[in-house]
Amino acid sequence: DAAVKTVGELKVALDKASRRSDASERYRIFLHNGVYDFGTKALTSVPANTSLVGESREGVVIMNNPGSVSNYQTDTPVLFIDQNQNNVYMQDITVRQNRDWSDKTSRGQAIALRQCGEQAIYKQVALQGVQDTYYLNKADASAYFEDCNIAGEVDFIYGDGTAYFNRCRLQPVS
């Protein structure tokens, strides 16, 4: 449905996915290798039934750097899968909370991925952050991870949903 090379093109593709007439149909976005930097923007929404597939996990980096914030849950997440945004699929990408990543020292909570939706699937995805990297933020939210790397230091995987990790590497950073 879309192939993107810049963060601007990714924003347009995600907007088209959210405005499609039949949200039950899968919308596919292919990301060419590159850095997709949202700057200080947080909560970039990934609509229901949307696939984000990268050219390579090491080559596709989606990130932000929100700086100091007053509400980490809304002011920091790089990507956000809201409730009723179910069946999201991600493969071969890195989602990086860049605020603390370079020196691996926590400056407080900063989320790479916040998920409230159900039935998300992550294959060969890297989630990188320091404090609160992945937040599964709803009791009936569910996720399946396969061959993924999740890095962080403090509570880097947390929440109240159900997640299954198959052949994943959980990497403490310090």
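The values are calculated or read from the model by the stated rules, or taken from the named source; none is laboratory data. Since the model is a prediction, treat every value here as computed from it, not as a measurement. Positions of Cβ are backbone-derived with ideal geometry, glycine not excepted, and every protein chain shown enters the neighbour counts. Ligands, DNA and RNA are excluded from the accessible area calculation, which covers all protein heavy atoms including side chains. Shrake-Rupley method; radii C 1.70, N 1.55, O 1.52, S 1.80 Å.
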Look through Tyr144, Tyr134 and report the one residue that is touching a Phe, Trp or Tyr at 6+ places or on another chain (Cβ under 6 Å) and either at pLDDT 95 or above or over 16 Å from Gln83 (Cα atoms) (or both).
Tyr144
Confirm whether Ala151 is among the hydrophobic types (A, V, I, L, M, F, W, C), assigned to a loop (DSSP other than H, G, I, E, B) and more than 19 Å from Pro47 (Cβ to Cβ).
no
Return a yes/no flag: does the range 74-89 have any residue that is open to solvent by less than 10 Å² (accessible area, probe 1.4 Å), of a type in the set (Asp, Glu) and either in contact with a Pro (Cβ under 7 Å, 6 or more places away or on another chain) or closer than 17 Å to Thr133 by Cα (or both).
no
Going through the range 133-148 one residue at a time, which ones are part of a loop (DSSP other than H, G, I, E, B), touching a Lys or Arg at 6+ places or on another chain (Cβ under 9 Å) and either within 24 Å of Pro66 (Cβ to Cβ) or not charged (D, E, K, R) (or both)?
Asn137, Cys148
On the given criteria, is Ser56 at pLDDT 95 or above, of a type outside the set (A, V, I, L, M, F, W, C) and part of a loop (DSSP other than H, G, I, E, B)?
yes
Residue pairs within 9 Å by beta carbon, gap of at least six or interchain, first lying in the range 54-68 and basic (Lys, Arg), second open to solvent by 10 Å² or more (accessible area, probe 1.4 Å) and assigned to a strand (DSSP E or B), listed first then second, are Arg57/Gln91; Arg57/Asn149
Within the range 39-59, residues being farther than 27 Å from Asp22 by Cβ and more than 12 Å from the chain's Cα centre (by Cα) number 8
Cβ-Cβ under 6 Å pairs, at least 6 apart or on other chains, the range 1-14 side modelled with pLDDT of 95 or more, far side part of a strand (DSSP E or B) and open to solvent by 40 Å² or more (accessible area, probe 1.4 Å):
Asp1/Arg28; Ala3/Phe30; Val7/Asp37
Qualifying residues in the range 79-124 (those that are hydroxyl-bearing (Ser, Thr, Tyr) and assigned to a loop (DSSP other than H, G, I, E, B)) - the one farthest from Pro47 (Cα to Cα)
Thr105
